[in-house]
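Everything below concerns the one structure shown next.
The values are calculated or read from the model by the stated rules, or taken from the named source; none is laboratory data. Owing to the predicted nature of the structure, the values given are computational and were not obtained by experimental measurement. Cβ: placed from backbone, ideal geometry, glycine included. Neighbour counts: every protein chain shown.
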């Protein structure tokens with residue numbers, strides 16, 4: 001399994017009881033699910049990605065609760081998002 005980068009920086013602060021171990025940054029989410037951060041950005045734009053938390057103090061800080069991401073993945077299991085085909089690029093010369 002890929003290493004997950006979390007908001008916490010030291011190994012001691014990543015203990016299971018630490019609140020920061022429950023939250024992922026966008027990079028951490030991308031590593032966790034094996035996708036690029038641009039994919040996460042596209043999902044946010046289409047409103048089909050996992051639930052996110054935006055800090056009221058720092059509008060640029062976006063976090064994802066690990067348990068919410070896992071629940072979102074389980075809910076998505078076996079289904080294709082409604083907008084999936086709209087996000088794929090069409091090959092030139094096809095309809």
> Which members of the range 59-95 meet the condition of being assigned to a loop (DSSP other than H, G, I, E, B) and either at pLDDT 90 or above or within 15 Å of residue 27 (Cβ to Cβ) (or both)?
Replying inline: 60, 61
> Just for the range 25-36: of the residues that are touching a residue at least 12 places away in the same chain (Cβ under 8 Å) and in a helix (DSSP H, G or I), which one is surrounded by the most Cβ atoms within 10 Å (Cβ to Cβ)?
Replying inline: 29
> Quick one: how many residues across the range 43-58 are outside any loop (DSSP other than H, G, I, E, B) and farther than 16 Å from residue 28 by Cα?
Replying inline: 2
>> Among the residues in the range 37-45, are any exposed (fewer than 15 other Cβ atoms within 10 Å of the Cβ), farther than 19 Å from residue 72 by Cα and either touching a strand residue (DSSP E or B) at 6+ places or on another chain (Cβ under 9 Å) or at pLDDT below 95 (or both)?
In response: no
